Amino acid sequence: MCGIVGILGKNPVALDVVEALRRLEYRGYDSAGVATLEDGQLTRRRAEGKLRNLEQKLSREPLNGLIGIGHTRWATHGRPSVPNAHPHATDKLAVVHNGIIENFAEFRAELEAEGYRFESETDTEVVAHLVTREINRGLKPIEAVGAVLPRLRGAFALAFLFSGEEDLLIGARNGPPLAVGIGDGEMYLGSDAFALAPFTNMIAYLEDGDWAILHRNAVEFRDVTGKVVQRPAQMVAAGAALVDKGNHRHFMAKEIHEQPEVVTHTLTTYIDMVSASVRMPFKETLDWSQVERLSMSACGTAYLAGLTARYWFETLARVPCDIDVASEFRYREPPLAPRNGVAMFLSQSGETADTLASLRYAKSQNQTILSVVNVPTSTIARESHIVAPITAGPEIGVASTKAFTCKLVTLASIAIAAGRARGTISVAREQELVRELIMLPGLMTQALKTEVQIERLAHKLSKARDVLYLGRGTSYPLALEGALKLKEISYIHAEGYAAGELKHGPIALIDEDMPVIVVAPHDHLFEKTASNMHEVAARGGRIILITDEKGAAETTIPTEATIIMPTMAPTFSAMVYAIPVQLIAYHTALVMGKDVDQPRNLAKSVTVE
Ligand code: AGP
């Protein structure tokens with residue numbers, strides 16, 4: 001994830017900006033830069049690699065401006081290099097950005113046709129020229145930003161600095177977080193409170209769609225329509241822990257909401273945005289064209305991520321694939337492929353005992369061991385031949401959320417790479433699938449907007465004794481994950497079932513007391529699932545449908561609630577439909593007063609059998 005800082009100061013700010021960027025190093029980066037305004041003129045210093053390289057450049061060529069922005073860049077569009085490092089600038093402004101501007105290519109072509117010259121391969125530079133063009137057309141900086149923001153698609157956090165404007169910073173947020181720090185005659189912008197802790201602990205957070213206009217003695221927040229809104233400042237514990245809850249009540253809420261940002265980070269690890277192709281970050285080669293069989297094993301939510309990925313390995317890459325929970329796999333000691341077998345182990349912590357034991361069994365069977373983990377220094381990673389990091393960042397809430405969706409993105413990328421190697425995916429199909437992955441942060445940001453509706457629904461669900469989740473295709477593992485999330489933090493008994501199995505037993509459970517949560521994007525299986533909903537309705541069951549506009553329009557039976565997801569290609573709907581499933585569990589447990597981050601009887605990492 002990239003890091004953003006802005007300071008409207010009373011003294012030279014360049015070294016303070018670097019100090020704040022250092023507190024964002026945990027996000028990972030490969031270049032950094034600062035821009036300040038001196039006598040109305042914009043000046044930049046940028047460097048590849050670590051912050052010390054930027055500091056050396058600043059010591060040789062100091063910046064003395066009293067207003068500045070800074071950035072640590074994790075390369076998305078364009079390789080790590082000085083020309084691609086932020087801030088990007090024109091003669092009118094400088095800008096730094098965290099996230100992905102999905103529709104950058106169309107803007108770049110439009111601007112180049114009008115004679116704008118680009119110095120980088122980044123999506124961010126498009127934003128610099130778009131706002132500059134509005135200023136060249138006569139708009140003031142604030143109006144120019146207000147004109148451009150609604151046209152940007154994707155997940156982004158931005159900070160702007162303008163030539164000749166000695167008392168103005170503008171920040172904008174749609175997905176990745178952005179905080180405003182209020183000082184004494186100074187004002188700050190930062191990706192989180194931790195970055196601003198050396199300067200202030202009075203923090204106000206932008207909501208999705210917000211932008212903020214900062215002057216040294218005042219800040220104004222506007223929503224996406226430009227209407228002035230209130231975002232109250234709060235005292236954030238000085239020296240906030242490296243991982244703070246941001247403006248959320250629980251780590252789980254923060255981790256649900258940061259999924260657009262961390263998924264962006266995972267995408268940049270496995271996707272080349274410019275060529276729309278997958279690239280594996282590990283140096284070891286795995287020739288998928290020779291793989292005879294893939295075995296997967298994991299526990300809990302990690303297992304359900306694998307169950308989801310099996311659909312992609314089988315349908316996209318035509319790899320024969322089996323999967324089992326690690327506690328069964330390790331004792332069943334299944335016969336594995338005698339040659340060219342790959343065994344994949346999924347684990348957020350990388351320390352789960354059953355998963356580790358299964359890995360050791362597979363290794364004894366001469367399998368190539370590939371682990372998909374959130375902690376690349378963990379035991380499971382260290383004992384693997386190949387490690388695929390999910391780069392979700394620290395996950396504190398016991399109920400796994402962002403690690404689930406980051407695993408899915410990692411697994412989807414590997415499945416696409418496998419399909420390319422096996423000749424089951426063409427270059428054109430790869431580009432199509434990768435573009436679908438690139439859309440995910442923006443789609444997840446939209447899915448998060450159903451939270452208010454889900455909060456209302458949670459009050460009803462909190463009174464249920466049992467809940468049934470149904471789904472088909474990749475929505476089936478999602479039904480299992482929804483049931484797991486709900487039971488592990490609200491303690492309500494919940495079961496997930498393949499919708500097609502309803503008639504083979506579970507339908508006996510259906511009555512007016514049984515909420516049935518149906519996960520059903522309008523894909524090739526929707527009609528089948530719709531029939532199952534009719535069977536439930538005919539027995540008085542309470543249906544809660546998670547679908548898209550088309551699915552809602554075709555649903556003729558009454559539902560207790562219909563949660564509408566953004567319309568999207570069906571292949572990777574699991575990453576987006578995971579969000580309402582997570583929010584349902586979170587808000588139901590909240591209504592019930594449960595300890596959301598530390599549910600009873602559970603540990604974050606089960607390092608014993
Ligand atoms: C998920 O919400 C649970 N906390 C639990 O099922 C977890 O996914 C499981 O224990 C596996 O943990 P790991 O990913 O660290 O191996």
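Taken together, the values in this text are just the output of simple stated rules run on the coordinates, not laboratory data. Quick caveat: nothing in here was measured; it's all calculated off a predicted structure. Because the Cβ atoms are built from the backbone with ideal geometry, glycine has one as well, and the counts that use them run over all protein chains shown.
For this structure, a couple of remarks:
- Per residue, the average separation of C-alpha pairs within less than 8 Å and at least 6 apart gives region 34-130 a relative contact order of 26 percent.
- Counting beta carbons within 10 Å around each of 252, 187, 235 and listing the fewest first gives the order 235, 187, 252.
- Across the chain, the relative contact order, built from alpha-carbon pairs under 8 Å that are at least six residues apart, equals 11 percent.
- Placing pseudo-labels 7 Å out from each Cα toward the beta carbon at residue 455 and residue 560 gives an inter-label distance of 2.0 nm.
- Taking the charge dipole of the chain about its Cα centre, with +1 at Lys and Arg Cβ atoms and -1 at Asp and Glu Cβ atoms, the residue from 477, 323, 111 reaching farthest to the positive side is 323.
- Reported to the nearest whole Å, the Cα centre-to-centre distance from region 249-305 to region 122-187 is 31.
- The chain: antiparallel DSSP beta bridges as a percent of all, rounded to 5: 60
- Rg/Rh for region 396-438 stands at 1.15; both radii use Cα atoms, and Rh follows the Kirkwood definition.
- Contact order relative to length of region 317-475, as percent, for alpha carbon pairs under 8 angstrom and 6 or more apart: 17
- Both the radius of gyration and Dmax for the chain are 24.6, 77 Å, in that order, over alpha-carbon atoms.
- Projecting the Cα positions of 63, 204, 256 onto the charge dipole of the chain (unit charges on Cβ atoms of Lys, Arg, Asp and Glu, taken about the Cα centre) puts 256 furthest along the positive direction.
- Cut-off 14 Å between beta-carbons: net charge of the residues surrounding residue 53, Lys and Arg +1, Asp and Glu -1: +3
- Local charge for residue 367 was computed over the other residues whose Cβ lies under 13 Å away, with Lys and Arg +1 and Asp and Glu -1, and equals 0.
- Averaged over residues, the count of other Cβ atoms within 10 Å places the peptides 504-514, 92-102, 378-388 in the sequence 92-102, 378-388, 504-514, highest first.
- Reported to the nearest whole Å, the Cα centre-to-centre distance from region 359-418 to region 466-490 is 22.
- Partner aspartates and glutamates whose Cα lies under 12 Å from the Cα of residue 10, excluding those fewer than 8 positions away in the same chain, are identified as 166, 167, 184, 186.
- Electrostatic bookkeeping for residue 66 treats Lys and Arg as +1 and Asp and Glu as -1; over the other residues with beta carbon under 11 Å from its beta carbon, the sum is -4.
- Charge-dipole axis of the chain as Lys and Arg at +1 and Asp and Glu at -1 on Cβ define it, positive-most pick from 213, 580, 434: 434
- Taking the Cα centre of the chain as origin and assigning +1 to Lys and Arg Cβ atoms and -1 to Asp and Glu Cβ atoms, the resulting dipole is close to 720 debye.
- Pairs with C-alpha atoms separated by more than 20 Å, drawn from the list 283/604; 449/487; 254/594; 50/407; 463/503, are 283/604; 449/487; 50/407; 463/503.
- Estimated from the Cβ-Cβ distance and a Förster radius of 35 angstrom, the FRET efficiency linking residue 601 and residue 207 is about 0.50.
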